[in-house]
Amino acid sequence: MRDEMFEVSVKLDGSSMTVFHNQDQAGVCGRNWWLRELANNQLWQVARQDGLLEALQAYGRNLALQGELIGEGIQGNPEKIRGQQFYLYDIFDIDSASYLGGQERQQVIQALIGLGANIKHVPILELTSLARFDGKIAAILAYAEGKSLNPATMREGVVLKKLDGSFSFKAIANSYLLKHADR
């Protein structure tokens, strides 16, 4: 994949969150669980606050929005934000069982925003090929070091995703791993 183009985004340190619409069902999931809607559930609160379920239903396509919930009370809030916010990093097409490519993902995001959703995307650093790293893992790990969403915070790492959405991988910053060896 040396000459393939990849979207490189910041890996945010938070909690995995998925919001989906599939035919007549909609819901919110954590990393491993489909969650019941309870008043004190942070993931449901943010999904409702951002109008994600309503926009997905109005859009009418069977999709899952995948992202990271960050903020107060989550992983020590390294981004130092007030409240909690959902940052999308992927959209899964349930019917085709595949991830949307970068361009289609952006089109769907704009359509959902037009339907009233408040959607933030993880920061995209650049589009590049793996040739940039000359086949060296050390070069990718060095690139993983850097500023996060909050410029006063060092990022957890980066995610490299093929533009067609068919393949991705994470590179976690060594400084993050050393700081959070207990996790």
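Of note:
- Looking only at residues of region 150-173 that are of a type in the set (D, E, K, R) and either touching a helix residue (DSSP H, G or I) at 6+ places or on another chain (Cβ under 7 Å) or exposed (fewer than 15 other Cβ atoms within 10 Å of the Cβ) (or both), we find that the one that is nearest to S15 (Cα to Cα) is E156.
- Residue in region 9-16 that is open to solvent by 20 Å² or more (accessible area, probe 1.4 Å), under 30 Å from A131 (Cβ atoms), assigned to a loop (DSSP other than H, G, I, E, B) and among the aliphatic types (A, V, I, L, M) present: no
- Selection status of F92, more than 30 Å from L141 (Cβ to Cβ) and in a strand (DSSP E or B): no
- Flag for L100 being under 14 Å from the mean Cα position of the chain (by Cα), farther than 21 Å from P151 by Cα and in contact (Cβ under 8 Å) with a residue 60 or more places away in the chain: yes
- Top-ranked residue of region 28-54 - restricted to ones that are part of a strand (DSSP E or B) and either at pLDDT 95 or above or aliphatic (A, V, I, L, M) (or both), ranked as surrounded by the fewest Cβ atoms within 10 Å (Cβ to Cβ): L35
- Unmet requirement for Q84, which otherwise passes all of (1) in contact with a Lys or Arg (Cβ under 8 Å, 6 or more places away or on another chain); (2) over 22 Å from Q106 (Cβ atoms); (3) open to solvent by 10 Å² or more (accessible area, probe 1.4 Å): (1)
- Q57 touching a strand residue (DSSP E or B) at 6+ places or on another chain (Cβ under 7 Å), open to solvent by 20 Å² or more (accessible area, probe 1.4 Å) and in a helix (DSSP H, G or I): yes
The values are calculated or read from the model by the stated rules, or taken from the named source; none is laboratory data. Here the structure is a predicted model, which means the values were calculated and not measured. Neighbour counts run over all protein chains shown; Cβ positions are idealised from the backbone, glycine included. Each accessible area value is taken on the protein alone, full model and side chains, heavy atoms only, with ligands, DNA and RNA left out. Shrake-Rupley method; radii C 1.70, N 1.55, O 1.52, S 1.80 Å.
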